[in-house]
Amino acid sequence: MKIRPISGFPEWLPEQRIVEQALLDQVRRNFELFGFRPVQTRAVEELDRLAHKGSTDKEIYAIRRLHADPDETDDKLGLHFDLTVPFARYTLENRGQLVFPFKRYQIQKVWRGERPQEGRYREFYQADIDVIGQDSLPLCFDAEMPLLIHAVTSSLPLPPVRVHVGHRKVLEGFYRGVGLPDITPVLRIVDKLAKIGPDEVRASLVSEAGLGPDQAERCLALSQLRGGLEVIEQVRALGVEHELLETGLGELHEVLSAAAELPPGSVVADLGIARGFDYYTGTVYEAFLQGLESIGAVCSGGRYDNLADAGDAARFPGVGVSLGITRLLGPLFRRDALVATRRTPTCVLVALDKEQTRSRSQGVAARLRARGIPTEVFHAAHKYGKQIKYADKLGIPFVWFCGDDEGNGQIRDIRSGEQVEAHADQWEPTPDDRWPRVERPS
RNA sequence: GCGAGCGUAGCUCAGUCGGUUAGAGCGCUGGUUUGUGGUACCAGAGGUCGUGGGUUCAAUUCCCAUCGCUCGCCCCA
């Protein structure tokens, strides 16, 4: 078998995985800071459930047991393609034991069989955060999402993030007020505004969606609105009236108002957002890295009132967003925009003097580890030059040379060459050196 | 599903208008330096030129097919 990569299934080098883990840790920490509870679901769901929502042409990986009987009729399984469908199922399955509103986060790999391209993979991490209410869910959770996205992303060594907030009720109410019967094709065309430009959108609305010139013009005008709270009045100024539109504008206003304390530009109203309308029913979000908009939305989500269908009278409305960890990292790695300070967790390499004193070196390592300093002992009593070179290649900042069996020795900072007397129970690296960190090269 | 580009050393690539032993840089191993690295110099290892077929006296090179990777489009849950 020839060894080669498999398209769409990225694997990182250790120094990249260090970056990925640091991001995952930081994301998790922030989710918990907002009081969300951890959940992990199985990798598989019943195929029927996966294919149920939305269109049927989803690119799902099916699971097959090689030794299955040809006539086996067991439930067919597939790998989940997002974390929302498994979460909805999980919530219903455990509804009797969960506390509502149920705030959960879930960081897992998902799989999609689509054709890979930059930033789009077949296996990737998603970090999902959702709130599900029983029967109803207050709008304050919609308003909290942009704050959360801002908190998470600004805790990471990333460029500033801009969260675009749209609202399905605004769009749908507007379209109804304009007199459009079927809004789905309109949404799909409008969604391409950034890619194909206003002229193309206007033409497509007429030719493909069958809108009249005036209708197309108004829809286009709506989708081009972007900015702060003033956008609300700008929508009204377009002169379309509909009850649903007013409801949406009210909700949009509340969500935007909540973001008032964030730095200007962190959250903007954007009525050009028209994604994921399979099941979104209210607020929708898309977040972009400022200056790196070309890699696409790194975080997206919205409000869904009808996703979790218990099959009885109970309703479980939810709101949430998904952060695309891998889709973020891939393009950033490609641009060398995110690097670890070293290629290994190791902070101190304990040199091995000679085979007879291996236990002395191991003793030093044990003392350092006991105080939480990542330490390894060099594997063989090679020349010190070789041992230092090994540390240098891995970016290990310190090499320890043993003195006696009591923990005395010398520690060398191989970046500066400075070497000082030290004791293994006392010596401390600077906080910046203890663990590898993630940096954004300027 | 549609389209484009690319497959030569571990990596990045050159090259052969078809011709004897296929090259560079980086990386790797060793040495100069016999127990304190990075620089410099020297030496060395490492290739069925993606795979199959065709044309030819001769194919890594030309042609066809195929597989793989990358990037777009569609789609994006």
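At 7 Å along Cα-to-Cβ for each site, give me the label-to-label distance between A:A366 and A:D404 in nm.
That separation, rounded to one decimal, is 1.9 nm.
Grab the Cα-Cα distance for A:D71 and A:E32, subtract it from 0.36 nm times how many residues apart they are, and report the gain in nm with one decimal.
Gain on stretching A:D71 to A:E32: 9.4 nm.
A:E254 versus A:L139, label points 7 Å from Cα toward the beta carbon: distance in nm?
Calculated label separation equals 0.4 nm.
Counting Lys +1, Arg +1, Asp -1, Glu -1, what net charge surrounds A:R162 among other residues with beta carbon under 14 Å of its beta carbon?
-2
Could you state the orientation-averaged shadow area of the convex hull built on the Cα atoms of the range A:121-278, in nm² to one decimal?
Answer in nm², one decimal: 11.2.
Scattering from the C-alpha atoms of the range A:1-113 alone, worked out with Debye: what is log10 I(q)/I(0) at q = 0.20, 0.22 1/Å?
Log10 I(q)/I(0), no solvent term: -1.21, -1.26.
Dividing the Cα radius of gyration by the Kirkwood radius, what Rg/Rh value follows for the range A:348-439?
0.93
Using a Gaussian network model of chain A with C-alpha springs under 10 Å, which one of A:Y285, A:Y125, A:Y61 is most mobile by mean-square fluctuation?
Highest fluctuation among the options: A:Y61.
How many percent of DSSP beta bridges within the range A:341-442 run antiparallel, rounded to 5?
Antiparallel: roughly 60 percent of the beta bridges in the range A:341-442.
At a Förster distance of 60 Å, what's the computed FRET efficiency of A:A237 paired with A:E11, Cβ-Cβ distance as r, to 0.05?
Using R0 = 60 Å, I get an efficiency of 0.70.
At 1.4 Å probe size, with the rest of the protein present, what percent of the exposed accessible area of the range A:293-378 is carbon and sulfur atoms?
For the range A:293-378, the apolar C and S fraction of the accessible surface comes to 45 percent.
Cα extents of chain A along the three principal axes, largest first, in whole Å?
Cα extents, longest axis first: 87, 61, 46 Å.
Just order A:232-239, A:171-178 by mean Cβ neighbour count inside 10 Å, highest at the front, would you?
By packing density, highest mean first, the sequence is A:171-178, A:232-239.
For chain A, what does the relative contact order come out to in percent, with C-alpha contacts under 8 Å and a separation of six or more?
17
Along the charge dipole of the range A:340-442, which of A:P429, A:G403, A:T375 sits closest to the positive end, that is, farthest toward it, with unit charges on the beta carbon of Lys, Arg, Asp and Glu (+1, +1, -1, -1)?
So the residue we want is A:T375.
So with the 1.4 Å probe, I'd like the accessible area per residue for chain A, rounded to whole Å².
Using a 1.4 Å probe on heavy atoms only, each residue of chain A averages 50 Å².
In a GNM of chain A with a 10 Å cut-off on Cα contacts, which of A:I196, A:I18, A:I107 has the highest mean-square fluctuation?
Between A:I196, A:I18, A:I107, it is A:I196 that shows the largest mean-square fluctuation.
Add +1 for every Lys or Arg and -1 for every Asp or Glu among the other residues with Cβ under 11 Å from the Cβ of A:L79, and state the total.
0
Ranking request for peptides A:78-87, A:375-384, A:216-225, A:184-193: highest mean number of other beta-carbon atoms within 10 Å first, then the rest in descending order.
A:78-87, A:216-225, A:184-193, A:375-384
Of A:K109/A:K169; A:K354/A:K393; A:K76/A:K103; A:K354/A:K389; A:K109/A:K393, which ones are farther than 24 Å apart at the Cα?
Long pairs (Cα-Cα over 24 Å): A:K109/A:K169; A:K76/A:K103; A:K109/A:K393.
The values are calculated or read from the model by the stated rules, or taken from the named source; none is laboratory data. Just so it is clear, the structure is predicted and the values come from calculations on it, not from any experiment. Note that we place each Cβ from the backbone using ideal geometry, even for glycine, and neighbour counts take in every protein chain shown. In case anyone asks, the SASA skips ligands and DNA or RNA and just uses the protein heavy atoms, side chains included. Shrake-Rupley method; radii C 1.70, N 1.55, O 1.52, S 1.80 Å.
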